[in-house]
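Derivation of every value follows stated rules applied to the coordinates shown; laboratory data play no part. Keep in mind the model is a prediction, meaning the values are calculated, not measured.
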Ligand SMILES: [Zn+2]
């Protein structure tokens, strides 16, 4: 497993776009009917080394089944960067917390990034982006934060999960990544997918 220059370029470019998408998606909450005053994430201590390390680790562990270093590192990085949806909380405006911890964000980010990077192994890339939401929520639940607006912007209720559910989110991510990686490897061995 060697990390080449093209791998680093892919990781950086995907990460930058993903980070902007998550921050941008959080701003949608400023026009949603259920918006409320938000606590500043820095004052709340939400952005700390323990959380960053935890999210990275959860992402890396799940992405290991892709067997490719670029997707393993992306799995960890995206699971951290999804928290750029704290942006709305930093702006002192009304909104909804944790907007990107949702199905809508997973679909939007996966679709946009797969279109942009369609010349890469888009099977694995798409799976890494979609499951970054699962591994992220898994660690959040494990760490003691149990509520997320999963169905926003269609239903803006914070859905609560028991702490024990963290393992289900992680297993779901590992299963999806394992199945998609297997399918991608088969397709590539048939010569239908060209990787950059
Ligand atoms: Zn989070």
- Could you work out how far helix 5-28 tilts from the main Cα principal axis of the chain, as a 0 to 90 degree angle to the nearest 10? 30
- On Cα atoms only, tilt of 166-189 relative to the major axis of the chain in degrees: 30
- Against the longest principal axis of the chain, how steep is helix 69-81, in degrees 0 to 90 to the nearest 10, with axes from Cα atoms? 10
- Query: Mind listing the Cα extents of segment 28-184 along all three principal axes, in Å, largest one first?
  - Reply: 44, 31, 24
